[in-house]
1. Condition first: among the small types (G, A, S) and either touching a residue at least 60 places away in the same chain (Cβ under 8 Å) or touching a His at 6+ places or on another chain (Cβ under 9 Å) (or both). Now tell me which residues in segment 6-65 satisfy that.
2. Any chance you could count how many residues in segment 45-71 are hydroxyl-bearing (S, T, Y) and either outside any loop (DSSP other than H, G, I, E, B) or at pLDDT 90 or above (or both)?
3. Is there a residue being hydrophobic (A, V, I, L, M, F, W, C) and more than 13 Å from the chain's Cα centre (by Cα) anywhere in segment 20-37?
4. Return the residues of segment 53-71 that are of a type in the set (A, V, I, L, M) and either under 15 Å from L24 (Cα atoms) or in contact with a Lys or Arg (Cβ under 7 Å, 6 or more places away or on another chain) (or both); say none if nothing qualifies.
5. Would you be able to tell me the number of residues in segment 1-44 that are assigned to a loop (DSSP other than H, G, I, E, B) and loosely packed, with under 12 Cβ neighbours inside 10 Å?
Amino acid sequence: MDFFAAMFGFFLFVAWFWVLITVLSDIFRHREMSGGTKAVWVLFVIVIPWLGILIYILVNGAGMADRRLRT
């Protein structure tokens, strides 16, 4: 049982890291966002990671796929 708990924890860590990298790359891909706004979002995501990523996806999540395909 400990093995499965460890594997589940490792999976959650990898998934979390993947979402973090995806959100950070989307922040820098966003052409309509100014440099100051990008800096605030990056600080928000780094200082309060769970809340910052959740709010970023709620606010800017609709255009993430479009920005990814455009680049």
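1. Listed by number, the list holds a single entry, G63.
2. Summing the residues that are hydroxyl-bearing (S, T, Y) and either outside any loop (DSSP other than H, G, I, E, B) or at pLDDT 90 or above (or both) in segment 45-71 gives 1.
3. yes
4. Residues satisfying the conditions are I53, L54, I55, I57, L58, V59, M64, A65.
5. 4
The values are calculated or read from the model by the stated rules, or taken from the named source; none is laboratory data. All values derive from a computational prediction rather than experimental measurement. Don't worry about glycine lacking a Cβ; one is built from the backbone with ideal geometry, like all the others, and counts go over all protein chains shown.
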